[in-house]
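Participant: Shown below is the structure under consideration.
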Amino acid sequence: MDFRTSEHFQEDTTLLHTGRTECGLPQTVNPPIQRGSTVVVKSVDELLHSKGVTYGRHGLATHEALKRALCDLEHAEKAFVYPSGLASLTGTMLSLLETGDEMLMADSVYGPTRHFATTACKRLGITTRFFAPAISADDLKAMLSPATKLIVLESPGSLTFDMNDVPAIAAMARKAGVLTMIDNTWSAGVYFKPLDHGVDVSVQAITKYICGHSDVLMGAAMASGKAAELLQRSYDEIGWTISPDDAYQALRGFRTLPTRLIRHQESTLKVAKWLKSRPEVAELLCPALPGSRGHEIWKRDFTGTSGLFGVVLKPAPEKAVAAMLGALKIFGLGYSWGGYESLVIPSDPQLDVREFQPKYAGPLIRLHVGLENPDDLIADLENGFRHLANAAAPEKVAAE
Ligand SMILES: *Cc1c(COP(=O)(O)O)cnc(C)c1O
């Protein structure tokens, strides 16, 4: 059916169809934002038997372009996009597990991932056991039971930046017929390629580095072979979609991703080295830094560092840490990371649920080093440390 406005339909008909004829789009650098629910086809045969896209929920041109980019980034055959990073993690677990199954999960995973396992999965009759993130593949193998179907990794882990021995664990799991998935948000997929190391599904909060501008919530799961088939099955069954405008923003983020990460890396190393020299700091949880926990694994498996790491302070009262973080002018006080801007949070409140969490020397904070000038970031932290000291010992500072 080809509507032509020149064909003198009634106005109410014309108004519905004007502007719909092929408009010979000029070829722009970027793909168009293709919005749509209904997809119209040429014949009943195509409608009933097409293997292509016959409905907007299957994903349109902008989605396809983003999925292509995600596959190229993660060396995967297929990519699936979800309305948040958390949805991509929970969606992957739902795709790979059934009632009666068990999963083994690194103790240091992103808090809401753990929450999903211990609440929704539990209600569905799926059990979870946790393991210390630095576990060897042999010790993890000893934990497998006949019900174990999935191992959930995150390296470095959220908040504490523990590294998993991903290649050894993935090889052990594959031999045992157990699937593996990893939250690869920290590396942005640029600095670590989980599928090349034998992991079945790599999941990312696109919200973070790929979008890169703190204005979109999105997640993605990348996989090949059997794991991709399982993800596709649930994707068709459950009905996740994302808006094409968001897909466009994610794709735009791709264009500057490698360049942004170079800057994040340079500034992170500069800020971390400065912090290491400070008397207020007990330990850095920054795998890229020699001497940090997990540094050897990071050096072996990763090709760079992003901008997120932990700082263990020397013992200080909670209110002094709050005074420090509140005094920072560039580091915003807020959850999330991966955008262009620097952020900070206190991490201790989120560690209580863990089973294998070592005690640190003092309070733990998490920094996201953004794209600002690193000298300004250092000056901001230096000012923060003055407030830390001030709040910890007001008499002494007042007397100076
Ligand atoms: C933020 C984050 C997520 C969740 O992403 P959302 O888009 O906020 O749901 C998942 N994993 C890690 C490691 C994260 O930091």
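Participant: Please determine whether any residue of region 375-382 is acidic (Asp, Glu), in a loop (DSSP other than H, G, I, E, B) and either buried (at least 17 other Cβ atoms within 10 Å of the Cβ) or at pLDDT below 95 (or both).
Facilitator: Scanning region 375-382 turns up no residue that is acidic (Asp, Glu), in a loop (DSSP other than H, G, I, E, B) and either buried (at least 17 other Cβ atoms within 10 Å of the Cβ) or at pLDDT below 95 (or both).
Participant: Determine if region 247-268 includes at least one residue that is within 16 Å of the ligand (Cβ to nearest atom), more than 20 Å from ALA379 (Cβ to Cβ), open to solvent by 50 Å² or more (accessible area, probe 1.4 Å) and outside any strand (DSSP E or B).
Facilitator: Yes, some residue in region 247-268 is within 16 Å of the ligand (Cβ to nearest atom), more than 20 Å from ALA379 (Cβ to Cβ), open to solvent by 50 Å² or more (accessible area, probe 1.4 Å) and outside any strand (DSSP E or B).
Participant: Moving to a separate point now. Among (1) within 24 Å of GLN232 (Cα to Cα); (2) touching a Leu at 6+ places or on another chain (Cβ under 7 Å), there is one condition LEU86 misses while meeting the rest; what is its number?
Facilitator: (2)
Participant: Now, a different point. Checking the structure you have, find out if any residue of region 310-328 is in contact (Cβ under 8 Å) with a residue 60 or more places away in the chain, within 22 Å of ASP165 (Cα to Cα) and in contact with a helix residue (DSSP H, G or I) (Cβ under 7 Å, 6 or more places away or on another chain).
Facilitator: No: zero hits.
Participant: Are any of the residues in region 163-178 modelled with pLDDT of 95 or more and assigned to a strand (DSSP E or B)?
Facilitator: Checked region 163-178: no residue is modelled with pLDDT of 95 or more and assigned to a strand (DSSP E or B).
Participant: If I ask for residues that are over 20 Å from LEU364 (Cβ atoms) and either surrounded by 14 or more Cβ atoms within 10 Å (Cβ to Cβ) or aliphatic (A, V, I, L, M) (or both), which ones from region 270-307 would you list?
Facilitator: Within region 270-307, LYS270, ILE297, ASP301, PHE302, GLY304 qualify.
Participant: Tally time: how many residues in region 94-122 are within 16 Å of the ligand (Cβ to nearest atom), free of Cβ contacts under 8 Å to residues at least 60 places away in the same chain and open to solvent by less than 10 Å² (accessible area, probe 1.4 Å)?
Facilitator: Matching residues across region 94-122 total 3.
Participant: Same structure, new question: Just one of ASP215, ASP196 is open to solvent by 30 Å² or more (accessible area, probe 1.4 Å) and not in a helix (DSSP H, G or I); which is it?
Facilitator: Just a single option satisfies the conditions, and that option is ASP215.
Participant: Here is a follow-up. Of the residues that make up region 310-323, is at least one closer than 17 Å to GLU280 by Cα and within 16 Å of the ligand (Cβ to nearest atom)?
Facilitator: Yes, region 310-323 has at least one match.
Participant: May I pose another question? Being assigned to a loop (DSSP other than H, G, I, E, B) and more than 15 Å from the ligand (Cβ to nearest atom) is the filter; apply it to region 57-88 and report the residue that is surrounded by the most Cβ atoms within 10 Å (Cβ to Cβ).
Facilitator: Among them, the one singled out is ALA76.
Participant: What are the residues in region 218-233 that are touching a Ser or Thr at 6+ places or on another chain (Cβ under 8 Å) and surrounded by 17 or more Cβ atoms within 10 Å (Cβ to Cβ), if any?
Facilitator: We begin by selecting, within region 218-233, every residue touching a Ser or Thr at 6+ places or on another chain (Cβ under 8 Å); these are 218-223, 230-231, 233.
Passing the criteria: MET218, GLY219, ALA220, ALA221, MET222, ALA223, LEU230, LEU231.
Participant: When ARG278 is evaluated against the numbered criteria (1) within 16 Å of the ligand (Cβ to nearest atom); (2) closer than 21 Å to GLY370 by Cα; (3) part of a loop (DSSP other than H, G, I, E, B), which criterion, by number, is the only one it fails?
Facilitator: (1)
Participant: Test each condition in (1) within 26 Å of the chain's Cα centre (by Cα); (2) closer than 19 Å to LEU351 by Cβ; (3) open to solvent by 60 Å² or more (accessible area, probe 1.4 Å) for GLY310 and report the one that comes out false.
Facilitator: Exception for GLY310: condition (3).
Participant: Quick test of your reading of the structure: GLY125 fulfils all but one of (1) open to solvent by 10 Å² or more (accessible area, probe 1.4 Å); (2) assigned to a loop (DSSP other than H, G, I, E, B); (3) in contact (Cβ under 8 Å) with a residue 40 or more places away in the chain. Name the failing condition by number.
Facilitator: (3)
Participant: From the list GLY362, GLY310, GLY304, exactly one residue is outside any helix (DSSP H, G or I) and in contact with a Ser or Thr (Cβ under 7 Å, 6 or more places away or on another chain). Which is it?
Facilitator: After ruling out the rest, the residue left standing is GLY310.
Participant: Let me ask something else. Would you please name the residue that is nearest to GLY91 (Cα to Cα), looking only at residues in region 138-149 that are surrounded by fewer than 23 Cβ atoms within 10 Å (Cβ to Cβ) and of a type in the set (A, V, I, L, M)?
Facilitator: ALA147
The values are calculated or read from the model by the stated rules, or taken from the named source; none is laboratory data. If you're wondering where the values come from, they're calculated on a predicted model, not measured in any experiment. Here the Cβ is made from the backbone with ideal geometry for all residues, glycine too, and neighbour counts use every protein chain on show. Just so you know, the surface numbers come from the protein's heavy atoms only, side chains and all, with ligands and any DNA or RNA stripped out. Shrake-Rupley method; radii C 1.70, N 1.55, O 1.52, S 1.80 Å.
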